[in-house]
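What follows is a set of notes on a single structure, which appears directly below.
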Amino acid sequence: MLSHATARDWLIPYADGMLAADERRRIDGHITGCRACAVELREVRELNLLLVTLPPAPATSVAPFWLKLQALLPQRRTLRISTVIGYRRVGLAFAMASVAVLAAAATAFAAPSALPDNPLYSVKLFEEDVHLALTPVNGRVSVQLQLASERLREAQAMAANHKPRLAESSLRAYTIIVNDAAVSLKSPATPQATKDALHTLRAKLGAVEHENANRDDDVAAVKQLVSAAIDELDRIEQHESAAEPTLTVGEQATPAPTPVVTPKPTPRTTPTDDGDHGEHRD
């Protein structure tokens, strides 16, 4: 009869297929009547499956990877565990958490540079959505301009790699971002910085069209999206330049000077002897 303690010690090698046939039969018999060991075996197998399905970590330097890993690691806590069983369960949970943290760190490091044809691109979009949602209102436009610029970088790369459908998708995403920020861009809090950012977007749109024009078929959909995006930039810049600043003193606008009305001279009259008023006659 296999003891409970021995069975638990054998669960990991059992899941890894490292036990002999007779030892496996003894574990099988124990798991049939022990719910706790059956549950723990399932957790071990889930951990093994997670390790197998993790994507390979991209090649990267140690220093930036470690900085990102430190940002993701949980804060140190004091654990008070009274039994050996508790230590084993915490150890298994910590192992699974460590694997998840390592995977998240590697993914987070590689995702920001991912292009639409990269498996990590969806992770990149998720991180961008979270970043934008957590950004204060007064900094939202700046983040939106950065995201719009990134969509154009992706569109240019996809056009250069002969992937017009992905280039179109990035251009449509760019259009959604700019349309969402259009109201703020027409009345920016920092006009010069916004003007420079719009100039950069215009230059990147030109680069996308240049890559598209270098293709033998010159995809019409990409060309139309670029043209529409440039027209939208024109409307934003025209609206911004049409708003002339008003000279203000304190919080009130300087009023226009009130015109001075010059009174007309009143003609003088001389009274007559009979009391009538009229002009004096010789």
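The values are calculated or read from the model by the stated rules, or taken from the named source; none is laboratory data. Note that the coordinates shown come from a computational prediction; the quantities given were computed from them, not determined experimentally. Neighbour counts run over all protein chains shown; Cβ positions are idealised from the backbone, glycine included. Protein only, heavy atoms only, side chains kept; ligands, DNA and RNA dropped before computing areas. Shrake-Rupley method; radii C 1.70, N 1.55, O 1.52, S 1.80 Å.
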Item to check | region 196-216 residues that are over 17 Å from Leu147 (Cα atoms) and part of a helix (DSSP H, G or I), paired with ones that are open to solvent by 40 Å² or more (accessible area, probe 1.4 Å) and of a type in the set (Gly, Ala, Ser) (beta carbon under 7 Å, 6 or more apart) | outcome: Glu211/Ala160
Checklist outcome for this item: Residue pairs within 6 Å by beta carbon, gap of at least six or interchain, first lying in region 5-19 and more than 10 Å from Cys37 (Cα to Cα), second open to solvent by 60 Å² or more (accessible area, probe 1.4 Å), listed first then second, are Ala15/Arg45
Next on the checklist: Out of the helices (runs of 4 or more DSSP H) lying entirely within region 116-188, which hold 1 or more residues that are open to solvent by less than 30 Å² (accessible area, probe 1.4 Å) and touching a residue at least 40 places away in the same chain (Cβ under 8 Å)?
Outcome noted: 140-160, 164-186
Checklist outcome for this item: If we keep only residues of region 95-115 that are touching a Phe, Trp or Tyr at 6+ places or on another chain (Cβ under 7 Å) and modelled with pLDDT of 60 or more, then the residue most open to solvent (accessible area, probe 1.4 Å) is Leu115
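Rundown of residues vs (1) open to solvent by less than 70 Å² (accessible area, probe 1.4 Å); (2) modelled with pLDDT of 85 or more; (3) part of a helix (DSSP H, G or I); (4) small (Gly, Ala, Ser), yes/no style:
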site	(1), (2), (3), (4)
Ala5	yes, no, yes, yes
Ile12	no, yes, yes, no
Gly17	yes, no, no, yes
Arg25	no, yes, yes, no
His30	yes, yes, yes, no
Ala38	yes, yes, yes, yes
Glu46	no, no, yes, no
Leu50	yes, no, yes, no
